[in-house]
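What follows is a set of notes on a single structure, which appears directly below.
The values are calculated or read from the model by the stated rules, or taken from the named source; none is laboratory data. Treat the numbers as computed from the prediction; the structure is a model and nothing was measured. Cβ placement follows ideal geometry from the backbone for every residue including glycine, while neighbour counts extend to all protein chains displayed. Note: accessible area is taken over every heavy atom of the protein model, side chains too, but ligands, DNA and RNA are not part of it. Shrake-Rupley method; radii C 1.70, N 1.55, O 1.52, S 1.80 Å.
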Amino acid sequence: TSVIHIGFDDGSKGYLEVSGAGSKLNSGHLLYIGGENNSDGRLIIADGGALTSVYDSYIANHSGSIGRVEVTGKDSVWSSGLNMFIGNGGNGSLKITEGGLVVTQLNGIIGTESTGAGYVEVSGTDSRWQVGSILNIGNLGSATMIISDGGVVSSQQGYISSALGIVE
């Protein structure tokens, strides 16, 4: 597929689930979960499902949008190419639990734009978010990251910056 929009237009709601061993979805371009004003998008990758996105991924891309992503269960993987924006103007969340894995090739940016609020939770043994370059927590917007119960977040560089960034 090309660009994937989950709850993209003003007032729209979208839901996508990729679950079960061998279930795969490939996006050949950008991925939006909660795109425009007042949109609501939800993505679940569970029980061994896999999603690959080639370019940037946006969770809650505009003011008033809501984007929620859950990656849960052993062998559940989201390979996000280039950059991942969580709360890029809207209210975005990423939860990685029960051994889920998210791999972001370049940068992970949480809480972008002044209206952006980003929340990331990585909890449980073998739950991981691997960021290839820079992890920025609170880039103009507010951001919270919680790492608990054996969860792991790794990056080459990390910043708690610009606005309100919290790590627990």
>> Cβ contacts < 6 Å: first residue buried (at least 24 other Cβ atoms within 10 Å of the Cβ) and modelled with pLDDT of 95 or more, restricted to the stretch 89-102; second residue outside any strand (DSSP E or B) and acidic (Asp, Glu), any location; separation 6+ or different chain. Result?
In response: none
> (1) outside any strand (DSSP E or B); (2) crowded, with 19+ Cβ neighbours inside 10 Å; (3) of a type outside the set (A, V, I, L, M): which one isn't true of Ser114, the others all being true?
Replying inline: (2)
> Any residue at all in the stretch 41-48 that is within 19 Å of Ile96 (Cα to Cα) and open to solvent by 40 Å² or more (accessible area, probe 1.4 Å)?
Replying inline: yes
>> Which numbered condition in (1) of a type in the set (S, T, N, Q); (2) within 23 Å of Ser123 (Cβ to Cβ); (3) open to solvent by 40 Å² or more (accessible area, probe 1.4 Å); (4) at pLDDT below 95 is the only one that Thr1 fails?
In response: (2)
> Which of the residues spanning the stretch 29-40 are open to solvent by 40 Å² or more (accessible area, probe 1.4 Å) and either touching a Leu at 6+ places or on another chain (Cβ under 9 Å) or at negative phi (or both)?
Replying inline: His29, Glu36, Asn37
>> For the structure I just gave you, tell me whether Gly99 is of a type outside the set (A, V, I, L, M, F, W, C) and either under 15 Å from Thr52 (Cα atoms) or not in a loop (DSSP other than H, G, I, E, B) (or both).
In response: no
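Out of Asp56, Asp47, which single residue is more than 11 Å from the chain's Cα centre (by Cα) and in contact (Cβ under 8 Å) with a residue 24 or more places away in the chain?
On the way: Asp56 fails: more than 11 Å from the chain's Cα centre (by Cα).
The match here is Asp47.
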>> For the structure I just gave you, tell me whether Asn26 is open to solvent by 20 Å² or more (accessible area, probe 1.4 Å) and either hydroxyl-bearing (Ser, Thr, Tyr) or on the phi > 0 side of the Ramachandran plot (or both).
In response: no
>> For the stretch 65-88, which positions are at pLDDT below 95, open to solvent by less than 40 Å² (accessible area, probe 1.4 Å) and in a loop (DSSP other than H, G, I, E, B)?
In response: Gly81
> Which of the residues spanning the stretch 133-162 are of a type in the set (Ser, Thr, Tyr), under 20 Å from Ala117 (Cα atoms) and in a strand (DSSP E or B)?
Replying inline: Ser142, Thr144, Tyr159
>> Go through (1) under 17 Å from Leu30 (Cα atoms); (2) open to solvent by 30 Å² or more (accessible area, probe 1.4 Å) for Asp126 and report which single condition fails.
In response: (1)
